[in-house]
Amino acid sequence: MRRCPLCHNDQAELSFQDKKRGFYLCPECRLLFADSSSYLLPDAEKQRYGRARQTGKQKQLARFIHPLLDQLQSLQPTPLFGLNFGRVLSEDGLKQIRDAGHHLQQFDPFFAADHQLLHHQYDFICCFRVFEHFRTPAKEWSLIETLLKPGGWLAISTPLLTSLAAFPKWHYKNNPTHVSFYQQQTFAYLASQGKFRLIFAAQDFILMQKTSGSAITRDLDAEPPLVD
Ligand SMILES: [Zn+2]
């Protein structure tokens, strides 16, 4: 048994074991997560991310962000102030976005860790191929929640796990930096906690909206949030 790093249920059972890692399934939020004893050491992890930054991910990232901005703009036709969380777009890619009139800040814990950016709130946050790297997804989830304005949008790109039976053959699990695998039910669970609405979750795209009723918790002197 393991403790789920997302919902903290402590009844997660071993679901699959390969030569290198054990994967545990949470019975509550349905997260499938790698055993923490198999995590890469920080230097090895950073080196892998550095390699990924130089290769084809930039184009994919741009292909994710551009249509997303168009979509968000159609949902909320005012200038949007956003945060790209976890995987940074190159200066060229960013320039295109700024030229189109959008405001996008970027935060990457390894290569662009400007913590000042975590003291603002955003109309939207996008996370491209980032969630699968979270070792403590509860922590990142709660950070993302505080960073979003009420009514703000959260767009996530991570390949959803659609079949536990097919997991042993899923190539996506072979990258040792991929440690958290989400099912559609995982995002339904997160939405059921009351702070988010799940709008869409299929294949590798998840769109959620922070409910406007939730009080901002960053201001510790504010009134406590009402319980829904
Ligand atoms: Zn869980």
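The values are calculated or read from the model by the stated rules, or taken from the named source; none is laboratory data. Predicted model only: the values in this text are computed from it and were never measured. No Cβ is skipped: glycine too gets one built from the backbone with ideal geometry, and neighbour counts run over all protein chains shown. To get the accessible areas, we keep the full protein, side chains included, count just its heavy atoms, and leave off ligands, DNA and RNA. Shrake-Rupley method; radii C 1.70, N 1.55, O 1.52, S 1.80 Å.
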Exercise for the section: Evaluate segment 113-126: report whether one residue or more is buried (at least 21 other Cβ atoms within 10 Å of the Cβ) and closer than 26 Å to D18 by Cβ. Expected result: no
Exercise for the section: All but one of (1) among the basic types (K, R); (2) exposed (fewer than 14 other Cβ atoms within 10 Å of the Cβ); (3) in contact with a Phe, Trp or Tyr (Cβ under 9 Å, 6 or more places away or on another chain) hold for K139, so report the exception by its number. Expected result: (3)
Practice task
Find all pairs meeting these conditions: Cβ atoms under 7 angstrom apart; at least six residues apart or on different chains; first residue within segment 6-29 and of a type outside the set (A, V, I, L, M); second residue more than 13 Å from the ligand (Cβ to nearest atom) and open to solvent by 70 Å² or more (accessible area, probe 1.4 Å).
Solution key: G22/L14; Y24/L14
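How many residues does segment 4-31 contain that are within 10 Å of the ligand (Cβ to nearest atom), surrounded by 14 or more Cβ atoms within 10 Å (Cβ to Cβ) and among the charged types (D, E, K, R)?
If we filter segment 4-31 for residues that are within 10 Å of the ligand (Cβ to nearest atom), which is where we start, we get 4-12, 24-31.
If we keep only those that are surrounded by 14 or more Cβ atoms within 10 Å (Cβ to Cβ) too, we end up with 4-7, 9, 12, 24-26, 28-31.
Of the ones still in play, those that are also among the charged types (D, E, K, R) are 28, 30.
Of the residues in that region, 2 qualify.
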Exercise for the section: Examine segment 50-62 for a residue that is exposed (fewer than 13 other Cβ atoms within 10 Å of the Cβ) and either in contact (Cβ under 8 Å) with a residue 40 or more places away in the chain or within 16 Å of the ligand (Cβ to nearest atom) (or both), and state whether such a residue exists. Expected result: yes
Practice task
Tell me, please, whether a residue that is open to solvent by less than 50 Å² (accessible area, probe 1.4 Å), of a type in the set (A, V, I, L, M), assigned to a loop (DSSP other than H, G, I, E, B) and at pLDDT 95 or above can be found in segment 87-108.
Solution key: no
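Yes/no per residue for (1) over 17 Å from the mean Cα position of the chain (by Cα); (2) more than 18 Å from A12 (Cα to Cα):
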position: P109; (1), (2): no, yes
position: H119; (1), (2): yes, yes
position: D123; (1), (2): no, yes
position: W170; (1), (2): yes, yes
position: S180; (1), (2): no, no
Problem - Meets criteria (more than 16 Å from the ligand (Cβ to nearest atom), open to solvent by 80 Å² or more (accessible area, probe 1.4 Å) and not basic (K, R)) for P67 - result: no
Handout entry: Residue satisfying all of: in segment 32-49; farther than 17 Å from R129 by Cβ and assigned to a loop (DSSP other than H, G, I, E, B); nearest to the ligand (Cβ to nearest atom) among these
Key = D35
